[in-house]
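*Asks:* Got a structure here, written out as C-alpha cells. Questions coming.
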Amino acid sequence: MKRILVLTGDRVGIRMAGPAIRAFEMSRCLSRYHNVTMSCPELDGSIPDLPKNMELCPFGVEPVWQSLKSFDAAIIPASMHVDAHFDTPLLVDLYDPFILSSLARSDKPEAKQTEELHSLMRNLERGDFFVCASDRQRDFWIGMLAAAGRVNMRQFRENPHLHTLIQPAPFGIDNRKPSPGTDGLPGSKHDAWIVWAGGIWDWFDPLTPIEAVSNLNKNGRAVSLFFMGTGHPNPLMTQMSMVQQAFEHADRLGLLNKHVFFGDWIPYAERGSILSQAQMGISTHYPHLETRFSYRTRILDYIWSRLPFICTDGDYFADLAEQHHIGLTVPPENVNCLVDAINRMLDDALFYRACKDNLESVAHSMTWEKVLAPILEFCDNPHRSSDCERPRVLSGETQEIFCSGCETATAAAGEILATGLIQEFPVPKGGMRRIDVKLATYNRLNTGYGIFELIDSHRRTIVTIPFDLAAVTDNHWFQFRFGPIPARPGSLWRVRITCPVSRPGNAITVWVDETQQDLDYELNGVRKKGHINFRVFTCEFPGSDQDINWRKHWFPRMPWNRKP
C-alpha cells in the first residue's frame, strides 16, 4: 500500500461544494487500496463512517510542503499554489478550468486572475501526471501544457497520444442510488418541482428559469423551482452578484417563497432526499467560453438520482443529454423554449419514462470507481514524469536573472496617490521579463487597486498590470511579471504605479535613495533625483547586446531589414 496525500483548497465537512466533494470521494475511493490522508483548510463538523485507511486533517492557511516527503504521491487541484522544490510524484487535477470561469466573475479583480494563472503555470510545469474532466477539456489542457513546455520530445516518445501525461478522469457518482425522502422541499407538495442543484455563480443563468416558472403559473400550471444552494460552505468565498439578481427577479415577479425558493446550502448527505422528490433538474447558463469547456457537476446529481433534466445547449452534458436521451436542451436565454421543455417533461409520459430508463445505463458508467481509473493507476505506481529532467526552456524561474535596479533605498518617499509614481531606468542588456518594486503600507489594511505600467522610450505603454492593494505586504517586494520584452539596451524606459481610487491614509508608499543622482523618479507630480527600491530581471535574448543583431532577430520584416 502507498501513502497518498490528497489536497483541496475548499472546506470539507457536512456541507461541501464541488472541489471538496471531488477530493473527498477521490480519497474514499483510493483508501480501498492505499493509506490516504486528505487535507483541507478547515473541517466543518465531523464525517461519520470514514474508511479505516483514510484520515482527514486541516492544514490551516496553506499546506506545509515539507510534509510531502513522507508520502509516495500527492494530488492537488490546479489552482493550488505549491512549492515547486520537492521530489514527490505530483498529480495535478485539472477537472475545473477555473481560469475560464474567473473571466465571468464580477467580484474578482484582474490582478487576482493573473496571480491564479501564475500558480496554474507553475503546476503545469511541475506536475508529473494530469487529469481533466472530458476529451474536450483534454484538448484545451494539451494546449496549455504545450505552452508550459510539457508537450516535448520526451513525452511524445513515451506515448505519441500523450496518455502518459494527461487523461480524462471526470467527476463521478455514488454507485448506490439516493434514498427516497419526504422532507426538504419548502413549498406545496402538490406543485411540480424543478430543482437547481448546486450554487448560483455569475456564469449561470437563473433568471430565465424564474421567468419560465412565472409564465407557467400564469397559465394555470402549478410549478415551483428550488435553488438548493445560494450561500457557499467555504466562508472565504464571497457571494456572487447573480445570487442577488435572482432574489430580486423572483421578488419582482411575485414568486419569492411562493413558487421560487432559495436554500442556503443542502448538506451533502441530504441532497438525495430532495432530488428524489423532484420531477426534473435544471441547469442554465449564458453562452461564452466557460460553457464549452465546463463539466457541470450538478448535472451528475441528476444522473445519480435518475432525474431527467433540462440544460442549456453548448456544453458537455447538453451533448450527453441529446446522445443518450436523458434530458432536453434549450437555447440560452430563451424563455419560450424553456417553457415548452418543462411542459414536455410533465406531459409526455413515454418520453419521461424513456429518459429515466436511459439514465440507469448512463449512471452505471459514471461511478467514482470507473471514472477515477487513471488516478488509481497512477497511485498504484507513483513516478516522476519522463521529462522531469527536461531543460526548462519556458520556465520563468530559470530564465529570470536579476540584472539591475536599486536595493539600498531606506527613506520613505511618501504615499502613492492618483497621480502616481514614475521611475526612469535604462534597459539592461538582454531585454526584460519582470520588475519588482518594494512597497510599504505601514501595516494598514488597504482597499482598492493599483496599476503597474511599463512605458517604453517613446512613451508608449507596453505592459499594464492591475493589482489588489490589499495583497500588498508591508515592506516586501511585489513582483510584476510580463514579457519577455526585447528592447534597445540603454534606452530609457519608465515604471509607473498609480492608485486611482486611493486617498491619504489608505495608500501605499515606496522607499527611495536620493543620494543616487543618475536617475529621476517622480511622485504625485513632483520630480526628484534618486532611485526607488526596484529590481529588473532579464532573460538573455540572442543578439540583444548588439543593436544590428537585435533588430534582425526581433523585427525581421521591418523596412530597415528588407532588401531593395
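*Asks:* Which residues, taken from region 52-72, are over 21 Å from the mean Cα position of the chain (by Cα) and assigned to a loop (DSSP other than H, G, I, E, B)?
*Replies:* K52, N53, V64, F71, D72
*Asks:* Just the residues that are modelled with pLDDT under 85 and of a type in the set (D, E, K, R), please, taken from region 169-206.
*Replies:* D183, K189, listed by residue number.
*Asks:* Given D10, D96, which one is acidic (D, E), in contact with a Phe, Trp or Tyr (Cβ under 9 Å, 6 or more places away or on another chain) and surrounded by 18 or more Cβ atoms within 10 Å (Cβ to Cβ)?
*Replies:* Only one candidate passes the filter, namely D96.
*Asks:* Out of the residues in region 460-480 that are farther than 16 Å from T509 by Cα and of a type in the set (A, V, I, L, M), state the one that is farthest from the chain's Cα centre (by Cα). Break it down into steps so the answer makes sense when it comes.
*Replies:* Going residue by residue through region 460-480, those that are farther than 16 Å from T509 by Cα are 460-466, 480.
Retained after the next criterion (residues that are of a type in the set (A, V, I, L, M)): 462-463, 465.
Details: I462: 27, V463: 23, I465: 19 Å.
Among those residues, the one meeting the criterion is I462.
*Asks:* Note down all Cβ pairs under 8 Å where the first residue falls in region 25-51 and is farther than 19 Å from T297 by Cβ, the second is of a type in the set (F, W, Y) and not in a helix (DSSP H, G or I), and they're at least six residues apart or on different chains.
*Replies:* Filtered contacts from region 25-51: T37/F71; S39/F59; P41/F59.
*Asks:* Among the residues of region 487-498, is there at least one that is of a type in the set (G, A, S) and either in contact with a helix residue (DSSP H, G or I) (Cβ under 7 Å, 6 or more places away or on another chain) or surrounded by fewer than 19 Cβ atoms within 10 Å (Cβ to Cβ) (or both)?
*Replies:* yes
*Asks:* On the given criteria, is F378 buried (at least 16 other Cβ atoms within 10 Å of the Cβ), aromatic (F, W, Y) and without any contact (Cβ under 8 Å) to a residue 40 or more places away in the chain?
*Replies:* no
*Asks:* While we're on this one: Of everything in region 304-319 that's of a type outside the set (D, E, K, R) and outside any helix (DSSP H, G or I), which residue is surrounded by the most Cβ atoms within 10 Å (Cβ to Cβ)?
*Replies:* Filtering first and then ranking leaves F309.
*Asks:* Another question, if that's okay. What about P391, is it at pLDDT 75 or above and assigned to a loop (DSSP other than H, G, I, E, B)?
*Replies:* no
Yes/no per residue for (1) in contact (Cβ under 8 Å) with a residue 60 or more places away in the chain; (2) in contact with a Ser or Thr (Cβ under 7 Å, 6 or more places away or on another chain); (3) not assigned by TED's automatic domain parsing to the domain that holds L307:
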{"position": "D251", "(1), (2), (3)": "no, no, no"}
{"position": "L255", "(1), (2), (3)": "no, yes, no"}
{"position": "K258", "(1), (2), (3)": "yes, no, no"}
{"position": "A269", "(1), (2), (3)": "yes, no, no"}
{"position": "M280", "(1), (2), (3)": "yes, no, no"}
{"position": "T284", "(1), (2), (3)": "yes, yes, no"}
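*Asks:* Taking the condition of being surrounded by fewer than 22 Cβ atoms within 10 Å (Cβ to Cβ) and in contact with a Gly (Cβ under 8 Å, 6 or more places away or on another chain), how many residues in region 30-42 meet it?
*Replies:* So the count comes out to 2.
*Asks:* Any residue in region 98-112 that is under 30 Å from H34 (Cβ atoms) and modelled with pLDDT under 95?
*Replies:* Scanning region 98-112 turns up at least one residue that is under 30 Å from H34 (Cβ atoms) and modelled with pLDDT under 95.
*Asks:* With the requirement that a residue be assigned to a loop (DSSP other than H, G, I, E, B), touching a residue at least 24 places away in the same chain (Cβ under 8 Å) and within 26 Å of R22 (Cβ to Cβ), what does region 151-170 give you?
*Replies:* Residues satisfying the conditions are T164, L165, A169, P170.
*Asks:* Taking the options E322, E290, E333, name whichever one is acidic (D, E), in a helix (DSSP H, G or I) and surrounded by fewer than 20 Cβ atoms within 10 Å (Cβ to Cβ).
*Replies:* Exactly one residue qualifies, and that residue is E322.
*Asks:* Which of the numbered conditions does G18 fail, given that it passes all the others? Conditions: (1) in contact with a helix residue (DSSP H, G or I) (Cβ under 7 Å, 6 or more places away or on another chain); (2) surrounded by fewer than 17 Cβ atoms within 10 Å (Cβ to Cβ).
*Replies:* Exception for G18: condition (2).
The values are calculated or read from the model by the stated rules, or taken from the named source; none is laboratory data. Please read these numbers as outputs of a predicted model, since none were measured by experiment. Neighbour counts run over all protein chains shown; Cβ positions are idealised from the backbone, glycine included.
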